[in-house]
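A.B. asks: Handing you a structure now.
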Amino acid sequence: VMRLRLDVEINQSTPWLECRFVSFYDENGKVSGMRGVLRDITQNYLHEKQITHMALHDALTGLPNRRSLGDALTQSLAGASKDRMLAVYLIDVDEFKPVNDTYGHEVGDELLVEIARRLQANVRSGDIVARLGGDEFVVLANGLRSPDQAKDLGDQLLALFDAPVKLSKNEVRIGLTIGYSMAPEDGTDTSTILRLADS
(Lines give C-alpha, C1' and ligand atoms only; values in the text may rest on other atoms or scores of the structure.)
Protein backbone atom coordinates (compact mmCIF):
# COMPACT_ATOMS: atom_id res chain seq x y z
CA VAL A 1 0.00 0.00 0.00
CA MET A 2 1.36 3.40 -0.97
CA ARG A 3 0.20 6.85 0.00
CA LEU A 4 0.96 9.69 -2.34
CA ARG A 5 -0.01 13.29 -2.88
CA LEU A 6 -0.95 14.52 -6.32
CA ASP A 7 0.35 17.98 -7.16
CA VAL A 8 -2.83 18.94 -8.97
CA GLU A 9 -5.72 21.04 -7.86
CA ILE A 10 -9.05 19.23 -7.64
CA ASN A 11 -11.90 21.18 -6.09
CA GLN A 12 -9.28 23.65 -4.77
CA SER A 13 -7.61 21.00 -2.61
CA THR A 14 -4.69 18.66 -3.10
CA PRO A 15 -5.87 15.04 -2.79
CA TRP A 16 -4.11 12.25 -0.96
CA LEU A 17 -4.60 8.84 -2.55
CA GLU A 18 -4.07 5.32 -1.30
CA CYS A 19 -2.85 3.05 -4.10
CA ARG A 20 -3.13 -0.74 -4.18
CA PHE A 21 -1.41 -2.51 -7.07
CA VAL A 22 -1.21 -6.11 -8.25
CA SER A 23 1.59 -7.09 -10.61
CA PHE A 24 1.23 -9.51 -13.51
CA TYR A 25 4.18 -11.65 -14.68
CA ASP A 26 5.02 -13.26 -17.99
CA GLU A 27 6.31 -16.81 -18.48
CA ASN A 28 9.87 -15.59 -17.71
CA GLY A 29 8.88 -14.15 -14.35
CA LYS A 30 9.19 -10.54 -15.42
CA VAL A 31 6.54 -7.96 -14.62
CA SER A 32 4.35 -7.57 -17.68
CA GLY A 33 1.74 -5.29 -16.24
CA MET A 34 0.01 -3.91 -13.20
CA ARG A 35 -3.55 -3.33 -12.13
CA GLY A 36 -4.43 -1.03 -9.30
CA VAL A 37 -7.08 0.79 -7.36
CA LEU A 38 -6.82 4.38 -6.17
CA ARG A 39 -8.82 5.49 -3.15
CA ASP A 40 -9.19 9.13 -2.07
CA ILE A 41 -8.09 9.30 1.60
CA THR A 42 -7.81 13.11 1.76
CA GLN A 43 -10.42 13.53 4.50
CA ASN A 44 -8.87 10.77 6.62
CA TYR A 45 -5.40 12.24 6.12
CA LEU A 46 -6.50 15.75 7.09
CA HIS A 47 -8.37 14.39 10.11
CA GLU A 48 -5.26 12.48 11.30
CA LYS A 49 -3.15 15.58 10.75
CA GLN A 50 -5.58 17.69 12.79
CA ILE A 51 -5.59 15.16 15.65
CA THR A 52 -1.78 15.12 15.68
CA HIS A 53 -1.66 18.92 15.72
CA MET A 54 -4.17 19.10 18.57
CA ALA A 55 -2.14 16.61 20.61
CA LEU A 56 1.00 18.72 20.31
CA HIS A 57 -0.36 22.29 20.41
CA ASP A 58 -2.23 24.50 22.82
CA ALA A 59 -5.83 24.91 21.70
CA LEU A 60 -6.07 28.61 22.62
CA THR A 61 -2.79 30.07 21.36
CA GLY A 62 -1.71 27.48 18.81
CA LEU A 63 1.71 27.30 20.47
CA PRO A 64 3.46 23.99 21.14
CA ASN A 65 2.14 22.50 24.39
CA ARG A 66 3.94 20.84 27.32
CA ARG A 67 4.25 17.51 25.51
CA SER A 68 5.66 19.08 22.37
CA LEU A 69 8.01 21.24 24.46
CA GLY A 70 9.49 18.16 26.11
CA ASP A 71 10.47 16.71 22.74
CA ALA A 72 11.89 20.04 21.52
CA LEU A 73 13.86 20.56 24.73
CA THR A 74 15.37 17.08 24.54
CA GLN A 75 16.53 17.73 20.96
CA SER A 76 17.86 21.19 21.83
CA LEU A 77 19.81 19.86 24.82
CA ALA A 78 21.42 17.21 22.62
CA GLY A 79 22.78 19.96 20.36
CA ALA A 80 23.90 22.38 23.08
CA SER A 81 27.62 23.09 23.49
CA LYS A 82 29.91 25.79 24.89
CA ASP A 83 29.94 27.43 21.45
CA ARG A 84 26.19 27.00 20.83
CA MET A 85 24.41 27.42 24.15
CA LEU A 86 20.75 26.84 24.86
CA ALA A 87 18.80 29.26 27.05
CA VAL A 88 15.49 28.14 28.54
CA TYR A 89 13.21 30.96 29.74
CA LEU A 90 10.30 30.22 32.05
CA ILE A 91 7.79 33.07 31.88
CA ASP A 92 4.95 33.88 34.29
CA VAL A 93 2.45 36.63 33.52
CA ASP A 94 2.11 39.10 36.40
CA GLU A 95 -1.36 40.44 37.18
CA PHE A 96 -3.10 37.86 34.98
CA LYS A 97 -5.54 36.73 37.67
CA PRO A 98 -6.79 40.29 38.36
CA VAL A 99 -7.41 40.72 34.61
CA ASN A 100 -9.43 37.50 34.56
CA ASP A 101 -11.35 38.46 37.71
CA THR A 102 -12.06 42.01 36.57
CA TYR A 103 -12.85 41.55 32.88
CA GLY A 104 -13.77 37.87 32.60
CA HIS A 105 -12.23 34.81 31.00
CA GLU A 106 -12.85 35.95 27.42
CA VAL A 107 -10.61 38.96 27.95
CA GLY A 108 -8.12 36.73 29.77
CA ASP A 109 -8.04 34.41 26.77
CA GLU A 110 -7.60 37.35 24.40
CA LEU A 111 -4.69 38.54 26.53
CA LEU A 112 -3.02 35.12 26.45
CA VAL A 113 -3.31 35.04 22.66
CA GLU A 114 -1.72 38.51 22.46
CA ILE A 115 1.10 37.47 24.80
CA ALA A 116 1.78 34.43 22.62
CA ARG A 117 1.77 36.61 19.49
CA ARG A 118 4.25 39.11 20.95
CA LEU A 119 6.58 36.45 22.24
CA GLN A 120 6.65 34.70 18.87
CA ALA A 121 7.20 37.97 17.04
CA ASN A 122 10.16 38.95 19.21
CA VAL A 123 12.28 35.81 19.36
CA ARG A 124 14.82 34.83 16.75
CA SER A 125 14.10 32.54 13.85
CA GLY A 126 14.48 28.97 15.09
CA ASP A 127 13.65 29.79 18.70
CA ILE A 128 10.62 28.03 20.16
CA VAL A 129 7.79 29.58 22.17
CA ALA A 130 5.50 27.16 24.03
CA ARG A 131 2.65 27.42 26.52
CA LEU A 132 2.85 25.20 29.58
CA GLY A 133 -0.69 26.04 30.64
CA GLY A 134 -2.46 28.83 32.50
CA ASP A 135 -0.29 31.95 32.28
CA GLU A 136 3.02 30.08 31.96
CA PHE A 137 5.10 30.22 28.78
CA VAL A 138 8.52 28.88 27.81
CA VAL A 139 11.04 30.12 25.26
CA LEU A 140 13.85 27.91 23.98
CA ALA A 141 16.66 29.97 22.46
CA ASN A 142 19.17 27.83 20.59
CA GLY A 143 22.66 28.65 19.37
CA LEU A 144 23.55 31.44 21.77
CA ARG A 145 27.20 32.44 21.92
CA SER A 146 27.40 33.78 25.50
CA PRO A 147 25.47 34.28 28.76
CA ASP A 148 25.33 38.00 27.96
CA GLN A 149 23.38 37.25 24.80
CA ALA A 150 20.93 35.19 26.87
CA LYS A 151 20.49 38.04 29.34
CA ASP A 152 19.88 40.52 26.51
CA LEU A 153 17.12 38.33 25.06
CA GLY A 154 15.52 38.04 28.50
CA ASP A 155 15.58 41.82 28.89
CA GLN A 156 13.96 42.23 25.46
CA LEU A 157 11.16 39.86 26.44
CA LEU A 158 10.57 41.71 29.71
CA ALA A 159 10.32 45.02 27.84
CA LEU A 160 7.52 43.74 25.59
CA PHE A 161 4.92 44.61 28.22
CA ASP A 162 6.27 47.86 29.64
CA ALA A 163 3.31 49.67 28.09
CA PRO A 164 -0.34 48.73 28.62
CA VAL A 165 -1.70 46.03 26.31
CA LYS A 166 -4.52 47.16 24.02
CA LEU A 167 -7.11 44.47 23.44
CA SER A 168 -10.27 44.66 21.35
CA LYS A 169 -12.36 46.38 24.05
CA ASN A 170 -9.99 46.88 26.96
CA GLU A 171 -6.56 48.10 27.86
CA VAL A 172 -4.73 46.18 30.57
CA ARG A 173 -1.39 46.48 32.27
CA ILE A 174 0.65 43.37 32.96
CA GLY A 175 4.28 42.40 33.41
CA LEU A 176 6.38 39.30 33.07
CA THR A 177 8.49 37.41 35.57
CA ILE A 178 11.23 35.52 33.77
CA GLY A 179 13.72 32.98 35.05
CA TYR A 180 16.22 31.30 32.79
CA SER A 181 18.91 28.67 32.77
CA MET A 182 21.50 27.69 30.23
CA ALA A 183 22.83 24.45 28.81
CA PRO A 184 25.37 23.02 29.04
CA GLU A 185 26.55 25.51 31.69
CA ASP A 186 23.73 24.85 34.18
CA GLY A 187 22.93 21.27 33.22
CA THR A 188 22.26 18.91 30.36
CA ASP A 189 18.99 17.21 31.33
CA THR A 190 15.45 18.56 31.01
CA SER A 191 14.47 18.34 34.68
CA THR A 192 17.56 20.24 35.87
CA ILE A 193 17.27 22.96 33.23
CA LEU A 194 13.56 23.54 33.87
CA ARG A 195 14.00 23.45 37.67
CA LEU A 196 16.76 26.04 37.58
CA ALA A 197 14.82 28.30 35.22
CA ASP A 198 11.81 28.04 37.52
CA SER A 199 13.86 28.97 40.56
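A.B. asks: So how much slack lies between T42 and D198, counting 0.36 nm per residue of separation and subtracting their Cα-Cα distance, in nm?
C.D. replies: Working: separation 156, 0.36 × 156 = 56.16 nm, distance 4.34 nm.
Net length gain for the segment: 51.8 nm.
A.B. asks: Give the Rg/Rh ratio for segment 14-71, taking Rg as the radius of gyration of the Cα atoms and Rh as the Kirkwood radius, to two decimals. Numbers along the way, then the final one.
C.D. replies: Numbers: Rg = 20.3 Å, Rh = 14.9 Å.
Checking Rg against Rh, the ratio lands at 1.37.
A.B. asks: Further question: When we measure straight from the Cα of K97, which lysines land under 27 angstrom away, once same-chain ones fewer than 8 places off are left out?
C.D. replies: Straight-line reach from K97, under 27 Å: K166, K169.
A.B. asks: What lysines sit close enough to K151 to cross-link, taking a C-alpha to C-alpha distance under 17 Å and skipping anything fewer than 8 places away on the same chain?
C.D. replies: Of all the lysines, those that pass the test against K151 - Cα under 17 Å, at least 8 places apart if same chain - are K82.
A.B. asks: Only Lys, Arg, Asp and Glu count, each charged at its Cβ (+1, +1, -1, -1), so figure out the dipole size of segment 25-94 about its Cα centre, rounded to 20 debye.
C.D. replies: Values: 8 positive and 9 negative charges, 34 e Å.
Result for segment 25-94 is approximately 160 debye, rounded to the nearest 20.
A.B. asks: With every protein chain kept in place and ligands, DNA and RNA left out, what is the accessible area per residue of segment 85-199? Probe 1.4 Å, answer in Å². Working shown, then result.
C.D. replies: On the way: 5710 Å² over 115 residues.
That works out to 50 Å² for each residue.
A.B. asks: Summarise the accessible area of the chain (1.4 Å probe, protein heavy atoms) by the percent that is carbon and sulfur.
C.D. replies: On the way: 6050 of 12300 Å².
Here carbon and sulfur together make up 49 percent of the probe-accessible area.
A.B. asks: For the chain, take N as its residue count and report Rg(C-alpha) divided by 2.2 N^0.38 Å.
C.D. replies: On the way: Rg = 23.9 Å, N = 199, 2.2 N^0.38 = 16.4 Å.
Cα-based Rg divided by the globular estimate yields 1.45.
The values are calculated or read from the model by the stated rules, or taken from the named source; none is laboratory data. Please read these numbers as outputs of a predicted model, since none were measured by experiment. Backbone-built Cβ (ideal geometry, glycine too); neighbour counts: all protein chains shown. The accessibility values were calculated without ligands, DNA or RNA, using every heavy atom of the protein model including side chains. Shrake-Rupley method; radii C 1.70, N 1.55, O 1.52, S 1.80 Å.
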